[in-house]
Each structure stands twice: as C-alpha cells, then as structure tokens.
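The values are calculated or read from the model by the stated rules, or taken from the named source; none is laboratory data. These numbers come from a predicted model, not from an experiment. Heads up, the Cβs are rebuilt from the backbone with ideal geometry, glycines too, and the neighbour counts pull from every protein chain shown.
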Amino acid sequence: MTTSESDLNFSSPKPSLPPPPPPRLRRPISPGLFDSSSASASSPSLPSLITPPPLPVRRSTVAQLEEISPGPPRLPVRPLAIPSHISPESPGPSPTSDRRTFGSSRLPPPPTRIIGLGDKLPPPRRPPSPSSEEESGEEDSSGLNLADSLPDRSRSSRRLPILLFRDGSEPNIHVHAFTGIASVAGTTAVVAHNHHVKIYDLAQSDVPVHNIDSKDIAHKEVKITSMEFRPCARKSDRGFLLWLGTKEGHIFEMDARTGGVVGSKHSAHLHAITHIFRHGRNMVTLDDSGKGFVFSPDASGEDISLANTQPRVVRFAEKQDFVKIIGGKLWTAARWEQQISMGVHKTPIVRVYDIFGPGNATKAVLPAEPIGVVMSATIVPSMPEFVYMGHEGGYVSIWVLEGGDGYPKFLEAMKISTSDIVSLEGVNDRLWAGGRSGMISAFDVSQKPWIVMNCWSAHPGLPVLKLAVDHYGIDKIGRLCVVSIGRDEQLRLWDGLLGLDWVALPADHELSKQEHSFSTSRDLKVLLISWNCDAARPENLTGDPANVSFLTDVLQSVDSPDIISFGFQEVIDLESRKMAAKNVFLSSKKKSEDGGLSEKVTSAYRRWYDRMVIAIRQAMPPEETYSVIHTENLVGLFTCIFVKNSERPNVKEESITTIKRGMGGRYGNKGGIVSRFVIEDSSLCLINCHLAAGQAAVRQRNADVAGMLEEKAVFPETHYPFAYVGGGDGTMVLDHEIVFVNGDMNYRIDHRRDAIVAAVRAKDLNSLLPHDQLLREIKFNRACRFRGFSEGPLTFAPTYKYDRRSDEYDSSEKHRSPAWCDRVLWRSRVPTRVTQLHYRRYEANVSDHRPISAAFSVTVKSIKHEARLQVKAVVQAGWVDEQSRLLAAAKQFYVEQALI
C-alpha cells in the first residue's frame with residue numbers, strides 16, 4: 001500500500017473510540033496516483049493536498065520511463081472515513097448511493113475496491129497467456145527494456161586495454177570497497193583505509209613500499225577520508241607530495257617517496273574532510289557541513305604549504321553526495337532525501353559555485369527531464385564545451401557551457417544503459433562509463449545515436465565505483481592511465497588511448513588487404529531453411545505436389561551444400577497451454593552427446609527430426625553423407641544443423657543455446673536458438689529466431705534483436721582467438737566473423753491491405769519495399785541492431801499470411817495484411833567472404849507461412865601466423881608516432897583545465 005493510499009483509508013469510528021485523526025500530510029503525491037476531483041466529490045471534509053506543478057517533461061522520455069518500469073496497475077480511489085454526522089448504528093452507505101454522478105451520461109462511477117488498514121494489496125494483474133499471434137495492432141511494451149534505443153554495441157571491441165607493469169604483469173592492488181580511497185601518479189599508488197596508508201611502487205611489486213599507521217602520522221589514531229596530490233613548482237616533486245584529509249578535520253602532507261609527514265594543519269575543519277581537489281596551483285578541501293577552504297599561492301609564487309598559506313573560506317550546500325570541480329567551478333548535487341526534506345521537487349538540482357572567482361557566485365540549474373540522481377560527471381577532451389553527468393537509471397544528461405562564464409545550460413538527456421551510471425570519465429575522444437554490472441564502456445559521442453566503441457568487463461559482476469585519469473602519468477611514464485576501483489575491492493589500470501585497438505584494427509585491415517600472401521582460404525556452401533510451420537506435422541505434406549516435394553526441392557536448391565541448417569518456428573501449437581507447458585519442461589532435459597535429438601522431447605520435434613534425416617539421405621548422392629552437429633528446441637522453435645561428413649573433422653568448438661525473449665525474457669514463445677562452430681580460423685554463428693508479433697510491435701522486435709545480439713556469455717570461451725573479431729572470445733554472438741540470422745522476424749508492411757494484395761497480384765513487389773518495416777528500420781533507425789547486416793533482394797511474394805491449403809491471403813475476420821515476415825540476413829567482418837547464391841520461397845501450403853531458403857558461398861581462412869606477426873610489427877611501429885601525438889593533445893587539454 002502506498003503512503004498516499006494508506007492515509008486515505010480509515011475504518012468507521014465506534015462510539016467508544018475517539019474520532020479518527022485527520023489524514024497526515026506527507027510528501028506530495030505524484031500526479032495520477034490521486035484524483036483530487038473525485039476525492040472532493042466523495043468526501044468534502046478531506047483536507048486539500050497541495051501538489052506542486054510538475055516540471056515540463058518531454059513526452060518521449062516519459063514514454064521511455066514507462067517502458068522501462070511499467071509498475072503494477074493503479075488502484076481506484078477508495079472510500080474515506082465516514083463523516084461524524086452519520087450515526088454508527090445507521091446503515092452504512094452503499095459504495096455508490098451517496099456518490100455524485102460524473103459526465104453527461106449521469107451514470108454512477110464503477111464500484112471501488114475496499115481495502116482496510118493492514119490488508120495486503122492484491123497481486124498485480126498478470127498479462128494474458130502468451131500466444132502465437134499478438135495481433136491486437138497495439139505495441140506491447142511489457143517486455144521492452146528499450147534496448148533498441150540504447151547506443152549500438154554491435155561494433156564494440158571487447159579487448160581488455162590493460163596497462164601492464166613489470167614485464168607484462170598486471171598490478172594487484174586491494175582497495176576496501178566501502179571506506180577505501182586511492183590515488184595514482186605514474187608508478188606511485190597510494191591506498192588508504194581507515195587508519196592505514198599503503199604506498200606502492202607499481203614498477204617494482206604489489207607489496208607496499210610503505211605501510212603506515214595513522215598513529216605515525218598524527219601521534220594518535222585518525223581516520224583517512226580523502227586524499228589528492230599537491231601541485232608543485234618543481235617537476236621532480238610532482239606526483240609525490242600528497243595531502244590527506246581526516247574524519248577529525250586534520251590535513252596532513254605526506255611525501256610518498258619516504259612515507260613521512262612533511263606538513264600538517266590540525267583541526268583545519270570542524271567536520272570530516274570529504275573531498276580534496278587540485279586545481280592549477282590551488283588546493284581545495286571540503287567537509288560535509290558545506291564549508292571549504294581554498295589554498296592559493298601568494299604573490300611570491302611559492303608553493304602552497306599547510307603551515308604558511310592562509311586559506312580562503314567558501315560555502316556550499318551541506319550533505320552533497322556528488323561533488324567535483326569541472327571547468328574551474330565546483331559542481332554539487334544531493335540525493336532525493338535531502339531535496340525532499342527541503343520541500344524540493346524530485347528532480348536533481350545541480351549547484352555550480354565559482355569558488356575561484358570574486359564573491360563565490362552560485363547558480364542552481366535543473367534538467368528539464370525527470371532523470372535520476374546525479375552520480376558522476378566529466379568533460380570529454382575532444383568536446384570541452386559540453387559536460388556529461390551520469391545518473392541513476394542509466395541516463396546521461398548533457399550540459400553546454402554557454403557565454404564563456406562556465407555556467408551550464410541543460411541540453412538533453414540520453415539513456416545509455418539499463419543500469420545506473422556510477423562513474424564517468426572523459427578520456428581522449430571517448431566518454432568512459434562504469435556501471436553496476438562491472439562493465440566499462442567507451443562511447444563515441446561525436447554522433448547520434450552514440451556508438452559503443454569499446455566494452456569490457458573491468459570488475460565482473462560488481463559496480464565500477466570510480467573512474468579517474470592519472471594526469472601526472474603522461475610525463476612520468478609516457479602513458480595515459482585510467483584508474484578504476486570496483487566493489488570487488490580491486491584497483492585496476494587501463495590504457496586510456498586504447499592502444500590495443502589502434503594496433504589491432506589497422507592490423508586486421510592490412511590482413512584483409514594482403515590475405516593472399518599470409519593465409520589460405522577455401523569456400524564452403526551453406527544452405528539455410530526457415531519456416532514457420534504453424535504446428536503442421538511432416539505427414540501433413542501431402543496433396544499438392546509442392547507439399548510432397550518440398551524437402552527434396554529445398555535440399556537440391558544448391559549443389560552439394562557443406563552445411564545445412566533447418567530453422568523451424570511454431571513446431572508446436574503455441575495456443576495450447578498444455579503443449580507449451582510440456583515443452584518448457586522437456587526442453588530443459590539433457591541433450592544427446594553426439595548432437596542428436598534428446599530422447600525427452602515432444603513427438604512433434606521427433607517427427608520433424610526423423611523426416612529431415614530421411615529427406616537428406618534421399619535427396620543427396622550416396623557418396624555425400626551428413627552428420628548432425630546441433631539440435632535444439634525452445635517452445636516451438638527447432639534448429640537442426642547437418643554437416644557433410646567430409647567436413648566434419650574440420651568443425652570445432654560446436655555449441656548451441658537458447659535465448660528467451662517472450663514476456664521480458666521469462667518465456668520462450670519468442671526468442672532464438674543460437675549455435676556456433678569454428679572451421680579453420682573462421683567462426684560462424686547461426687540464429688533461428690521468432691520475434692514479437694503484431695503490426696505495430698516494431699520497437700519490441702528491435703528490442704528482441706538487440707537482446708539476442710548483445711546477450712553476454714551466450715557461449716563458453718574458446719581457444720581460437722584468430723577466429724573471432726573485435727577482441728572477442730566467442731562468448732557473444734557478434735564476436736563471430738560470420739553471423740546468419742533466419743526466422744519469423746514478424747516485420748510487416750505498413751500499407752493498406754488491398755494495396756498490398758493488388759501489388760502482389762500485379763507482381764509489382766518493388767512498390768512495397770519502401771513500406772517494409774525491416775528495410776525502413778535498417779535504413780532510417782540508426783539504433784537498429786540489424787544495421788551492418790545484409791539481405792538479398794526480395795524478389796518473392798510476401799510469405800505471410802495465407803489460409804491453410806490455399807493461395808489466398810488471410811480471409812478471416814482479422815484480414816491480416818501480407819508481409820515478408822520470414823527473412824534471412826547475414827553479417828561478415830569482410831563482406832566479400834559471403835556471397836549469396838539464392839534467396840527464394842517455396843509453395844508448401846500446409847501452414848499460414850510459406851517456407852524460404854537462402855544459400856551462400858562462404859570463404860573460411862587459415863592464417864599463417866608468422867606472416868601475420870610481421871604485418872602487426874609494422875603497424876606497431878606506426879603506433880609509436882600516433883601515441884606521442886595523442887599524449888601531447890591530452891596534456892594540453894589537462895593544462896587548460898588546470899588539472900596539471
């Protein structure tokens with residue numbers, strides 16, 4: 001029961017008890033949860049609840065938020081306390097007898113549900129049982145997670161940009177998850193936790209060079225709460241002199257080379273020092289009471305010192321959860337609790353303080369959209385006029401610094417993740433973001449929608465609490481180091497220039513251009529068959545000659561295929577709850593070890609499997625025999641892959657799995673069967689899918705595609721690194737060099753039904769192509785994950801929806817429009833390695849869909865690794881000059897931002 005609902009629900013007062021207290025005024029009730037007009041009509045004695053007017057909200061963002069978290073259904077308004085003038089002994093009013101009439105019809109409103117104090121809310125209404133066709137014409141958003149509108153990750157590199165020290169070993173530094181803090185400058189890392197400080201030399205070992213107790217610093221036990229390296233005029237001191245702030249308000253200066261204290265200022269603050277910042281030659285210390293000190297050098301130009309420099313006091317709002325100096329100004333933001341306690345609407349308020357200017361001018365700004373709490377912020381060096389702020393809920397707000405005064409103006413908000421943006425850092429020309437899943441993503445923000453260029457697991461499964469750039473490392477070690485600290489209590493160091501990709505991508509490009517000189521290749525023929533059989537059995541293939549000869553025709557459509565993949569949809573009747581439930585139970589059983597069909601499947605799969613085995617034996621020459629390497633089923637989906645026995649020894653790392661997409665990933669009536677294998681040094685991935693149905697469910701189909709292509713850990717990791725692309729290890733779909741997707745994708749034709757039928761009868765298919773949803777999404781929707789995939793020309797009539805045993809399109813009362821629901825698409829790292837041989841349909845009419853097939857000539861490679869290393873060495877030599885240029889540009893930016 002929500003707060004507002006419980007306040008409005010009282011039992012009838014009894015004579016022996018005092019009258020019920022008036023409703024308590026709590027936080028403002030959100031619009032939509034309480035209807036003030038109906039409440040005043042039914043109970044005039046109810047005190048008015050004043051709700052501040054909502055801030056202007058962009059409709060698109062509200063729609064996104066509702067799709068992300070639709071929430072339980074809203075309850076109607078319930079009866080309030082019985083007025084005191086009604087006697088307890090008198091019969092109570094009926095639910096509608098004393099209620100005013102509404103509207104012109106003068107009919108009473110519907111009855112309300114009565115829920116007493118302490119009663120539990122009824123369970124949320126469940127969506128109807130999934131069916132094979134959701135033809136309501138309305139897009140069902142219950143299963144959407146807006147994956148189709150998130151930045152495209154399909155081209156991202158998954159190489160770990162690890163920054164290595166000591167002969168290629170990665171440092172192993174422990175940082176306490178909750179109270180630990182750390183700073184890195186070059187090879188010096190300082191980690192503090194409660195009463196201890198550890199200083200590491202990353203170039204030597206993971207054992208602390210100095211392990212210092214706080215009693216050695218302050219002659220009594222103090223708790224370290226903040227730290228930062230102090231700016232120094234002498235270059236030799238930079239990155240070694242460190243300020244430590246304590247819970248007791250003391251400030252100490254430590255020399256990391258010796259571990260000794262070289263300066264102190266006791267009781268500088270009356271409260272715990274939460275932040276210390278370096279800006280130019282200034283140092284800023286802040287406490288949780290809203291008081292800060294700015295230490296600036298005097299006119300002589302000498303370095304600041306705790307003993308001699310008199311700080312200037314600055315004030316800011318207390319108890320701010322986010323605090324950072326950006327562009328020479330102090331940015332702060334608080335969580336909802338602090339804002340609500342001050343009567344502020346639930347929208348993040350960002351306060352910007354000019355602490356280095358005269359008068360400590362302040363400006364409060366609000367985003368124009370309801371986005372989550374501020375958690376992080378940064379500037380991307382290549383775009384210094386913008387500030388990017390990370391929020392809870394996966395949003396990034398963009399602020400533009402206008403007028404040269406350094407104060408921001410809200411520009412827009414974008415959702416870039418399904419989880420909170422815990423940490424942000426601008427590095428080179430990329431925006432690095434750390435999330436709650438432990439992933440770090442590097443975004444190209446120079447175009448819209450953003451593109452994920454790199455994405456890797458930095459702290460597996462646990463939040464990336466902090467991202468920070470080591471500005472001093474540019475001069476000290478000649479590298480741009482990015483530090484990440486995770487909830488896994490590990491400090492990790494990353495190459496901010498992403499040098500591995502700068503080297504690997506040109507090397508791959510050179511490999512593709514000079515492939516003939518350092519690798520061998522050969523061609524394979526791949527035949528893909530896709531059919532939504534609408535629960536038809538193989539014994540139904542009778543009567544019409546096209547039914548009888550269907551399997552033979554499709555198997556002989558290409559001469560001697562090396563790989564044959566059958567991808568069926570709706571092998572069982574999805575309208576039958578009993579059959580669907582039985583399939584869910586049996587599909588979890590252990591599969592056959594030889595790749596054949598499990599013994600525990602329904603008879604429908606067994607019949608199709610046996611029929612396909614027999615059909616291949618009859619259609620192929622006797623000397624060409626085939627073996628089954630993959631079979632899998634998922635609530636109507638069925639995949640069966642055959643490989644010619646002469647190729648069977650070359651097939652390695654076979655794996656097959658399922659991805660559920662129905663009802664938000666909980667049910668397998670929609671989803672895909674994903675299989676993969678490696679031949680030579682090439683990897684192939686095949687997807688048989690069934691996407692969301694419905695004329696208007698385009699976004700949900702896009703989300704299904706994105707969910708399958710970007711699903712993590714689909715397959716086990718393999719040991720063939722040269723078979724995969726983008727630094728992948730084969731665990732994700734788009735790690736594979738060649739990807740085929742077939743199935744009932746359910747994309748429709750947005751046109752009048754009579755016009756579609758007339759064009760089909762006139763064989764004017766080209767006039768329908770501009771109205772095809774899939775072609776339009778690929779062409780105009782830059783967030784569509786099928787961008788980068790190819791499809792052959794649609795020269796055959798739409799394959800959906802027919803009357804069974806007929807050539808007539810749907811004549812039922814629904815009159816569904818014809819559409820190219822059944823499709824085959826592919827993607828190859830090197831486009832010339834896949835050539836389509838045919839793309840056609842067949843006239844088997846026992847289903848409401850017509851089957852289709854596509855045949856391809858696929859080039860697989862075998863690399864000569866010595867020659868590849870020679871090409872890579874040439875590229876690495878060119879990277880040295882490029883790295884120097886990028887480091888010089890990065891240093892110039894950090895100097896302009898007064899960070900070094």
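Annotations for the structure displayed:
- Count of residues meeting criterion [closer than 22 Å to Pro358 by Cα and in a loop (DSSP other than H, G, I, E, B)] in segment 266-288: 2
- Check on Glu882, loosely packed, with under 14 Cβ neighbours inside 10 Å, among the charged types (D, E, K, R) and either more than 23 Å from Pro561 (Cβ to Cβ) or at pLDDT 95 or above (or both): no
- Test: Gly730 is surrounded by 18 or more Cβ atoms within 10 Å (Cβ to Cβ), on the phi > 0 side of the Ramachandran plot and in contact with a Phe, Trp or Tyr (Cβ under 8 Å, 6 or more places away or on another chain): yes
- Flag for Ile852 being farther than 30 Å from Phe356 by Cα and touching a strand residue (DSSP E or B) at 6+ places or on another chain (Cβ under 9 Å): yes
- The strands (runs of 3 or more DSSP E) falling completely within segment 163-212 that include 3 or more residues that are of a type outside the set (Phe, Trp, Tyr) and within 15 Å of Arg492 (Cβ to Cβ) map to 180-185.
- Residues (buried (at least 20 other Cβ atoms within 10 Å of the Cβ) and either closer than 23 Å to Val674 by Cβ or not aromatic (Phe, Trp, Tyr) (or both)) located in segment 790-815: Pro798, Thr799, Lys801
- Tally of residues being under 34 Å from the mean Cα position of the chain (by Cα) and either among the hydrophobic types (A, V, I, L, M, F, W, C) or surrounded by fewer than 21 Cβ atoms within 10 Å (Cβ to Cβ) (or both) across segment 840-854: 2
- Residue satisfying all of: in segment 430-446; part of a loop (DSSP other than H, G, I, E, B) and crowded, with 17+ Cβ neighbours inside 10 Å; farthest from the chain's Cα centre (by Cα) among these: Val445
- Selection of first residues in segment 703-720 that are in contact (Cβ under 8 Å) with a residue 24 or more places away in the chain and of second residues that are part of a loop (DSSP other than H, G, I, E, B) and among the aromatic types (Phe, Trp, Tyr), restricted to Cβ pairs under 8 Å at least 6 apart or on distinct chains, gives the following pairs, ordered by first then second residue: Val705/Phe786.
- Filter pass, Phe252 being modelled with pLDDT of 95 or more, touching a helix residue (DSSP H, G or I) at 6+ places or on another chain (Cβ under 6 Å) and of a type outside the set (D, E, K, R): yes
- Of all residues in segment 605-645, exactly one satisfies the criterion of being small (Gly, Ala, Ser) and without any contact (Cβ under 8 Å) to a residue 60 or more places away in the chain, namely Ser627.
- Number of the exception - Glu425 against (1) among the acidic types (Asp, Glu); (2) surrounded by fewer than 23 Cβ atoms within 10 Å (Cβ to Cβ); (3) closer than 20 Å to Met375 by Cα; (4) touching a strand residue (DSSP E or B) at 6+ places or on another chain (Cβ under 6 Å): (2)
- Pairs, first touching a residue at least 60 places away in the same chain (Cβ under 8 Å) in segment 749-768, second assigned to a helix (DSSP H, G or I) and surrounded by 16 or more Cβ atoms within 10 Å (Cβ to Cβ), C-beta under 9 Å, six or more apart: Ile749/Ile756; Ile749/His771; Ile749/Gln773; His751/Ala759; His751/His771; Ile756/His771
- Among the residues making up segment 348-403, those that are in a loop (DSSP other than H, G, I, E, B) and β-branched (Val, Ile, Thr) are Ile349, Ile355, Ile371, Val373, Ile379, Val380.
Rundown of residues vs (1) hydrophobic (A, V, I, L, M, F, W, C); (2) modelled with pLDDT of 90 or more; (3) closer than 27 Å to Ala442 by Cβ, yes/no style:
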position	(1), (2), (3)
Val628	yes, yes, no
Cys640	yes, yes, no
Asn650	no, yes, no
Gly665	no, no, yes
Met708	yes, yes, yes
Glu711	no, no, yes
Glu717	no, no, yes
Pro721	no, no, yes
